Amino acid sequence: MSTQPALVALDWGTTSLRAYLVARDGAVTNRIERPLGILNVPQGDFARAFRDCVGPWLAAHPGLPALASGMIGSRQGWREAAYVACPAGIDALAGALLEVDAGAEFRIVPGVSVVDGDGVPDVMRGEETQIFGLDAADGVAVLPGTHSKWVLVEGGRITRFATFMTGEAFAAMSGHTILGRLMTGTGHDEDGFARGVAHGGRDAAGRGGLLHRLFGARTLGLFERVPGHALHSYLSGLLIGAEIAEARAWLGRPPAEVAVIGAPALARSYAAALGAGGITARIAPADAAARGACAIARRAGLVA
């Protein structure tokens with residue numbers, strides 16, 4: 001396939017905007033990252049933010065289509081793109097793209113929704129595009145972050161997923177509760193992290209659940225069983241270990257392999273935690289969002 005630019009792909013989230021110039025084969029030929037997430041765009045002028053970010057690309061390649069995924073399609077974003085219900089394949093996403101007047105050919109990928117067995121809805125925006133950048137018909141993926149997503153893909157469709165507020169809980173507990181008072185550093189400590197993962201993933205029988213175990217991040221430091229510089233990593237490991245244990249129960253079986261899609265350092269932490277539990281982790285390419293956007297655009301006829 002030609003390496004001539006065929007698409008501008010935007011991974012437009014809450015805090016940052018990542019833009020990719022993508023060739024027809026899905027390869028990224030250029031990229032830009034700006035702190036222009038939907039909450040940081042002055043006066044909510046998304047059209048201007050879009051032009052300021054990728055205007056030179058559009059000027060150099062007239063008629064180039066743009067496809068955005070993430071929170072830009074939320075109620076707080078540029079325009080709300082309706083959710084596609086699970087099971088959701090690439091055809092469903094491509095068929096529900098939302099066109100926006102941006103002074104250029106611009107569309108937003110819809111989010112995906114699911115309802116769990118208790119009738120409680122769950123949603124994602126942006127992760128679905130990264131999932132289809134993996135080009136895998138079947139498998140399990142985890143997308144760690146503020147709201148970590150576990151996704152089951154079967155027959156090329158997202159059949160179900162679950163969200164775990166691991167990152168947000170970690171930030172709140174380490175920065176705004178008594179658990180963080182004895183922490184003396186934020187650098188990664190392998191031993192502290194591994195100990196937290198092991199404790200978070202243990203069978204709860206006779207040990208109490210996560211709400212009980214969390215207090216150990218204070219008492220282990222109080223009695224100097226874990227040094228202060230390692231407590232930050234211990235708490236991170238504890239929450240990630242508990243998340244993995246819950247995800248295994250949610251899946252109903254331990255997966256043989258999990259694709260990890262996320263920032264490099266966090267992806268490595270999840271890979272280590274999964275490996276400690278006997279699960280093979282495959283860290284996805286950093287440009288999964290761009291490749292997914294290209295696949296959706298091709299299915300929608302935006303890219304030849």
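Laboratory data are not the source of any read-out in this text; all were calculated from the coordinates shown. On a predicted model such as this, the values are computed, not experimentally measured, just so you know. Note that each Cβ is placed from the backbone with ideal geometry, even for glycine, and that neighbours are counted across all protein chains shown.
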Debye, to nearest 20: dipole size of region 166-283, +1 on Lys, Arg Cβ, -1 on Asp, Glu Cβ: 180
Taking Cα atoms only, helix 166-176 is inclined relative to the longest principal axis of the chain by an angle, in degrees rounded to 10, of 60
Using only Cα atoms and rounding to the nearest 10 degrees, what angle (0 to 90) does helix 288-299 make with the longest principal axis of the chain? 40
From the gyration tensor of the Cα coordinates in the chain, what semi-axes in whole Å does the equivalent ellipsoid have, largest first, with each one equal to sqrt(5λ)? 37, 21, 17
Pop out the Kirkwood hydrodynamic radius of region 166-283 from its pairwise C-alpha distances, inverse of mean 1/r, in Å to one decimal. 14.3
If you filter region 168-225 for GluC sites (Glu not before Pro), then keep DSSP loop positions with at most 10 other Cβ within 10 Å, what is left? E224
Normalising by the residue count of the chain, find the relative contact order in percent from Cα pairs under 8 Å and 6+ residues apart. 18
Measuring from centroid to centroid over Cα atoms, what is the spacing of region 182-214 and region 228-257 in Å? 9
Which semi-axis lengths, in whole Å and largest first, follow from the square roots of five times the eigenvalues of the Cα gyration tensor of region 108-194? 31, 16, 12
Quotient of C-alpha Rg and 2.2 N^0.38 Å, computed over region 1-143: 1.06
Once you place label points 7 Å from the Cα toward the Cβ at R282 and I32, how far apart are they in nm? 3.4
Based on the mean of other beta carbon atoms within 10 Å per residue, what is the order of 127-138, 48-59, most packed first? 127-138, 48-59
Using alpha-carbon positions, what is the distance between the centroids of region 8-42 and region 101-127, in Å? 17
Dipole in debye (nearest 20) - the chain, about Cα centre, beta carbon charges: Lys, Arg +1; Asp, Glu -1: 320
